[in-house]
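The values are calculated or read from the model by the stated rules, or taken from the named source; none is laboratory data. Note that the structure is predicted; figures quoted are calculated from it, not measured. Note that we place each Cβ from the backbone using ideal geometry, even for glycine, and neighbour counts take in every protein chain shown.
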Amino acid sequence: MTDTRPEAQDVVLRLNNITKRFGALTANDAISMQLHRGEVIALLGENGAGKTTLMNILFGQYTADEGTVELFGAPLPPGNPRAALAAGLGMVHQHFTLADNLTVLENIQLGTVPLWYAGLGRARARAKLARLADDFGLVVDPDAIVATLTVGQRQRVEILKALYRDARILILDEPTAVLTPQESDALFETLRRAVASGLSVVFISHKLHEVMAISSRVLVLRHGRLVGEVATRDTDRHALAALMVGAEITPPKLTPLTPGPALLRLRDVSTRDQGTAPGLKSVTLALRAGQISGLAGVSGNGQSALSDLISGLITPQSGGLELPETPPRWTPRAAVAAGIARIPEDRHKTGTIADFSLTENAILETYAAPPYSKNGLMNWRAAEAHTRHLIDTYDVRCPGPSGPIRQLSGGNMQKLILGRALELSPKIILANQPVRGLDIGAITYVHGRLLAARKAGAAVLLISEDLDEIIGLSDVIHVISEGRLSPEFERGQLTAAELGLWMAGQGFTHAA
């Protein structure tokens with residue numbers, strides 16, 4: 001890593017007293033910061049602390065109410081993403097900004113060449129994309145339609161899209177959320193090489209071990225204000241977590257429990273492939289009362305098929321799904337009636353309806369039942385009271401229950417979804433990436449709620465690409481690769497490195 005002392009480097013980015021308000025909410029309150037050439041700074045904060053708002057102002061997607069932005073010593077016109085791109089700023093958003101109906105290559109080229117350009121320069125663009133993908137270890141099919149890609153593959157396209165534009169400053173908003181530990185390590189190594197050659201990076205992440213590994217300085221926001229700045233070498237994860245939330249954090253502990261009977265079984269289940277993502281291949285799995293079953297794997301290896309199957313969205317092509325009282329037809333309605341609560345992987349596409357209010361989203365899966373509906377009439381007073389309870393209990397930071405959910409930050413949207421699922425006292429909890437995009441305080445709270453549900457007798461399937469989460473929270477662990485499910489491993493039986501080998505498919509080869 002290059003020398004990151006301010007006196008040793010040129011300032012490439014300066015934010016001066018940035019303030020942004022949304023009605024009565026002050027998202028950014030007189031924030032000033034600077035970034036130097038060849039430096040990585042980490043931006044930390046709770047959900048709703050103002051990190052993404054600040055970066056959207058920098059990128060020109062929002063206009064600050066007060067304050068100015070300077071790039072490479074020159075003022076940046078407010079509210080002008082094209083000017084930011086032209087000045088050498090690249091941003092990888094936490095939520096994807098891709099056109100689903102276009103190919104990977106077309107998405108990456110969007111806005112870089114005029115439509116009348118001969119052949120749109122595809123041959124040159126393809127060669128450059130291949131080189132970047134190889135250098136950064138972010139391989140994806142350039143001719144694949146984005147709608148057919150998994151969440152993990154879409155994240156790779158977002159990173160490549162920014163790198164393709166020769167960015168000199170790169171904003172990374174939760175860039176490793178769907179990468180394996182090995183892929184994250186490879187990305188960090190590439191970033192280190194790029195930083196050594198002059199790239200400057202603003203790194204936003206809730207994974208404190210990543211912050212410690214890649215950054216040279218850490219800036220912490222709380223309630224829209226800059227409350228701390230520290231050199232990474234002078235701090236640790238515990239201190240950063242406390243600075244983020246303003247209090248000490250004690251992670252919940254997994255205490256031994258004797259599991260109960262299987263509440264759901266899959267016996268040699270296979271499902272059809274879903275676009276480029278594989279279906280399940282002869283999967284056998286038991287979800288037991290009072291047990292958390294962790295499912296580790298690289299994104300796009302059959303997790304979506306398993307989640308859709310348990311949710312009732314698809315049915316087995318072969319094999320069987322068994323419950324204590326197996327319904328004649330397996331549908332989403334049957335899954336809800338069976339006591340299955342769903343925390344979906346994609347909170348935007350399958351977890352919420354963007355233009356619906358928080359109240360409407362809070363009862364999406366229970367609106368037809370009392371107390372929200374009776375004789376075909378909606379009881380909106382009861383629905384709103386329930387939503388206020390979720391807002392208070394799960395610390396959902398929002399203007400209120402009547403506003404559209406699309407106005408919430410990703411983390412606060414996730415909190416509402418979690419509350420919607422966990423408040424049902426479910427028998428089975430399908431927790432697919434339940435803490436993606438949440439801050440350390442919220443993660444601790446969610447993990448505590450999952451452990452409480454386990455203690456109350458629920459069977460929990462925890463699907464996560466974060467091995468630390470899987471290892472720390474699971475009683476038993478499976479690994480999925482290309483639709484195949486590993487044997488069941490007891491807690492502590494395999495190390496993270498050994499699980500990583502199974503995630504890469506090597507364990508299946510040796511087992512065969």
Revision key, fill the gap. In segment 442-468, anything surrounded by fewer than 19 Cβ atoms within 10 Å (Cβ to Cβ) and within 18 Å of the chain's Cα centre (by Cα) is listed as 444, 468
Practice item. Run residue 333 past the list (1) free of Cβ contacts under 8 Å to residues at least 24 places away in the same chain; (2) outside any helix (DSSP H, G or I); (3) in the same structural domain as residue 445 (by TED's automatic domain parsing) and report the number of the one that doesn't hold. Key: (2)
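Considering only residues of segment 41-63 that are within 14 Å of residue 246 (Cα to Cα) and not in a loop (DSSP other than H, G, I, E, B), which is modelled with the lowest pLDDT?
45
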Exercise for review: Those residues that are among the polar types (S, T, N, Q) and touching a Lys or Arg at 6+ places or on another chain (Cβ under 8 Å), I need them from segment 308-340; list them, please.
Suggested key: 311, 317
Practice item. Taking only segment 170-225 into account, find how many residues are among the aromatic types (Phe, Trp, Tyr) and modelled with pLDDT of 85 or more. Key: 1
Exercise for review: Quick one: residue 358 ticks every box in (1) surrounded by 14 or more Cβ atoms within 10 Å (Cβ to Cβ); (2) modelled with pLDDT under 95 except a single one, so which number is it?
Suggested key: (2)
Study note, to complete from the structure: So, first residue farther than 30 Å from residue 412 by Cα in segment 194-211, second residue of a type in the set (D, E, K, R) and surrounded by fewer than 22 Cβ atoms within 10 Å (Cβ to Cβ), Cβ within less than 7 Å, six or more apart or across chains; the pairs are 198/37; 199/168
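Based on what the data block shows, is residue 280 part of a strand (DSSP E or B) and either modelled with pLDDT of 95 or more or outside the structural domain of residue 498 (by TED's automatic domain parsing) (or both)?
In short, no.
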Review point. Quick one: in segment 285-308, which of the residues that are of a type in the set (S, T, N, Q) and under 14 Å from residue 486 (Cβ atoms) is surrounded by the most Cβ atoms within 10 Å (Cβ to Cβ)?
Key: 303
Revision key, fill the gap. With criteria (1) free of Cβ contacts under 8 Å to residues at least 60 places away in the same chain; (2) part of a helix (DSSP H, G or I), residue 398 comes up short on (2)
